[in-house]
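Below is one structure; the comments refer to it alone.
Nothing in this text is a laboratory measurement; each read-out follows from the coordinates by a stated rule. This is a predicted model, so every value here is computed, not measured. Here the Cβ positions follow ideal geometry from the backbone for every residue, glycine too, while neighbour counts run over all protein chains shown.
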Amino acid sequence: MSAIAICVNPMSGRDVRRLAARATNMTHEAKRDIVARVAAGADAAGVRDIYVTAEPFRIASMALSLLPLSARVHVLRTELRHDARDTEAAVAAFLDAGVETVVTLGGDGTNRAFARAARDVNLIPLSTGTNNVFPTLVEPTIAGMVAGLAARG
């Protein structure tokens, strides 16, 4: 399947720990930019489908709504509980859609929830959290291209 998913945690990088950690502020607008760049990279790599989930701030869906992509965009609906179960529900929806490559936007907590729910998935974790040990700072367009190439085999 030539598809990727982009899993966005809208609350990553927005808690009070940022003050003590002297971390930069991660706005919803910054996340929209990251999503757009990941999608552009995946599209350039020939991905046919991009999956995201609906979330309260419409970060991913708004980022993708105006992009001139060749790939089809699918916005999946999941039950929102506003905690780590939202990430787990997103993973289940992506797996049900047949996606095997996922780019996450979040921190250690987001990726911990992702790992609890997913096995045997190509994961590209992009850092948008507070104290990031696991996710990395990678140029989003390159991350999207890598995701696209992985999805295409």
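A few points about this structure:
- Dipole orientation for the range 1-137: of the candidates Asn132, Thr104, Ala89, Asn132 has the Cα lying most toward the positive pole (charges on Cβ; Lys, Arg +1; Asp, Glu -1).
- Label sites at His82 and Glu29, each approximated as a point 7 angstrom past Cα along Cα to Cβ, lie 2.4 nm apart.
- Projected area averaged over orientations for the range 31-120, convex hull of C-alpha atoms, nm²: 5.6
- Working note: Cα gyration tensor of the chain, eigenvalues times five, square-rooted, sorted largest first, giving semi-axes of 22, 16, 15 Å.
- Once the Cα-Cα distance is subtracted from the 0.36 nm per residue extended length, the Leu137 to Leu149 segment shows a gain of 2.4 nm.
- Loop-located trypsin sites (Lys or Arg not before Pro) in the range 66-153 whose Cβ has at most 15 other Cβ within 10 Å (DSSP): Arg77, Arg81, Arg119
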